[in-house]
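Contents: one structure, followed by commentary.
The values are calculated or read from the model by the stated rules, or taken from the named source; none is laboratory data. The model shown is predicted, which means the values in this text are computed figures rather than measured ones. Cβ: placed from backbone, ideal geometry, glycine included. Neighbour counts: every protein chain shown. The area values use the complete protein model at the heavy-atom level, side chains included, leaving out ligands, DNA and RNA. Shrake-Rupley method; radii C 1.70, N 1.55, O 1.52, S 1.80 Å.
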Amino acid sequence: MDLFEQSLRMVNELNQELSQSEFVDGGMRLNLVYQCCDISIEHGLAVKTLLEAELFTSALALFRTQFESLVRAYWILFAATDEQVNELGMMNSIEQFTLKEHKSISRFTATPMIEALKGIQEIKHIVEQLEEFKLFSLDYLNSIVHSGKQTFLRHTFGLSNEHKKMVIKQSNNLTMMVAQIYLKHTLPDRQKLIQVFIQKYRECFMLPEDISEEERQKILARYK
């Protein structure tokens, strides 16, 4: 079974676990967190499907939004003020979503949200992963989203098989970080399932031990 098929099987099994779980009801804040998690998982599925179809620039653009949805979920959960939560959540109809409101809400982007999460000991390991992703990938993916130079490079040359596998694995990593939020809020807490999934689908993930320091420095130099 190839990486794409394994990844779909992993996400399907995760979704089945989540569909059978009972979640904490935490009002508007948790409702927004759950929505961000749903969106991030949906983006992750789309990333893999688009890569399989060799629609590389679209896949990479959604890869960035998968990351943004994940960051926003953690930010809403741990750092957003009640006023900010209300600003994001208090809309009864699409007509209420005016241009002015859109501009106000859009100021909450990944970098300031990650900064706001620093110092929260409970998620220190998560913030470190978000910081590393931002360091190695965010500028590159922003170029894709905004039709910068990387867009033309990828449209012309595509992705190598190794690069494609790396994106799939990193996308799966983001999905597991979303799953941690969900499983933390099940009744009872089922976060231990994360390790079960990682062990069962080990080839679907890129873990720290998979990257040597030499490779890490090469990646850093390339993206700089």
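What percent do you get for the relative contact order of the chain when only Cα pairs under 8 Å and 6+ apart count? Walk me through the numbers on the way to the answer.
Working: 194 pairs, mean separation 69.0, N = 224.
Once normalised by length, the contact order is 31 percent.
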For E214 the rounded accessible area (nearest 10 Å², probe 1.4 Å, non-protein molecules ignored) is 130
Quick tally, 1.4 Å probe accessible area for M177, M90, sorted with the most first, runs M90, M177
Rounded to whole Å², per residue accessible area for the chain with a 1.4 Å probe reads 55
Quick note, the range 107-174: a/c under 1.5 would make it rounded; otherwise a/b > b/c is prolate and the rest oblate (a ≥ b ≥ c, C-alpha gyration tensor); here it is oblate
GNM of the chain, Cα pairs under 10 angstrom: of L51, L174, L88, the biggest fluctuation goes to L88
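Calculate the tail of P(r) for the chain: the fraction of all Cα-Cα distances greater than 32 Å, expressed in %.
Working: 4732 of 24976 pairs.
Counting every Cα pair in the chain, those more than 32 Å apart make up 19 percent.
Mind ranking T156, T65, T81, T175 by accessible surface for me, highest first, 1.4 Å probe? All intermediate terms of the calculation are to be shown ahead of the outcome.
Values: T156 95, T65 45, T81 65, T175 0 Å².
Largest accessible area first, the residues go T156, T81, T65, T175.
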The answer for trypsin sites (Lys or Arg not before Pro) in the range 157-202 that fall in a DSSP coil and have at most 10 neighbouring Cβ atoms within 10 Å is K192
The distance between the Cα centres of the range 158-224 and the range 51-84, in whole Å, is 15
